[in-house]
1. Name the long-range amide H neighbours of S12: under 5 Å, sequence gap of 5 or more, or other chain; modelled H, no Pro or chain starts.
2. Where does the longest stretch of the chain lie that holds no GluC sites (Glu not before Pro) found in a DSSP loop with 10 or fewer other Cβ atoms within 10 Å?
3. Taking K and R as +1 and D and E as -1, what net charge do the other residues with C-beta under 10 Å from the C-beta of S166 add up to?
4. Let me know the charge dipole size of the range 1-104 about its Cα centre in debye, to the nearest 20, where only the beta-carbon of Lys, Arg (+1) and Asp, Glu (-1) is charged.
5. Tabulate in residue order the Karplus-calculated ³J(HN,Hα) for the range 127-132, using 6.51 cos²θ - 1.76 cosθ + 1.60 with θ = phi - 60°, rounded to whole Hz; enter x for Gly and Pro.
6. Report Rg(Cα)/(2.2 N^0.38 Å) for the range 1-134, keeping two decimals.
7. According to the Cα gyration tensor, what semi-axes, each the square root of 5 times an eigenvalue, does the equivalent ellipsoid of the range 94-180 have, listed from largest to smallest in whole Å?
8. If you average the C-alpha positions of the range 102-180 and of the range 66-93 separately, how far apart do those two centres end up, in angstrom?
Amino acid sequence: MSITTRKGDDGSTDLLYGTRAAKSHPRIHALGAVDELNAALGPLRISAAKPRTRDIIPVVQRWLITLMGELATPPGLEQRHAATHTDRIDAEKVHQLDDWAAHLEAKGALKFEGWALPGEAGVMSGAHADLARVAARRAERAVADLQGTGEEVPNKEVLRFLNRLSDLLWLLARWEESES
């Protein structure tokens, strides 16, 4: 089987369970934004100087794959997806993000003066974390855009997860730039 299916040549793409949607559809924008976020975490994963960052990022990337499955599930088919995909974005994952953020804050990741200027410290991993942070904010906005469209993501933890993840990425950027 080839990755080149040519099915998208008409401007549509696959969701799960044989459903297709226009590539310009808001659900596809949300799915694509989460995919971009996952890709943006790759350079941070490779360049991270701090062991804590290297431990966190692969876990988050796996969670984003889970989230993409939820976003790729057409409305009304959530139970079908849940029957075969038991992992989902849940309050426990949001809590884990909060715990990581609290740990970084306790270790001094909040030590800065004024606005943080991405890249100013000359630390590549910090700049990558900032880039991933803005990708997380874009994903959060794209998921929020689904509200009121009939395409809402029924899992209310998804927006909380993306919001907390962007906060964590901001802290990881400062942590990567720190000397501790």
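1. It is K23, by chain and number.
2. Working: sites that count: E113, E179.
Value returned for the longest uninterrupted segment is 1-112.
3. +2
4. 280 debye
5. 5, 5, 5, 5, 5, 5
6. Working: Rg = 18.1 Å, N = 134, 2.2 N^0.38 = 14.1 Å.
Compared with the compact-globule rule of thumb, the range 1-134 sits at 1.28.
7. Values: eigenvalues 155, 43, 14 Å².
The answer is 28, 15, 8 Å, longest axis first.
8. If you average the Cα positions of each part, the centres end up 23 Å apart.
Where a number appears in this text, it was derived from the coordinates with a stated rule and is not lab data. These numbers were taken from a predicted model, which means no experiment stands behind them. Positions of Cβ are generated from backbone atoms using ideal geometry, with glycine treated the same way; all protein chains shown enter the neighbour counts.
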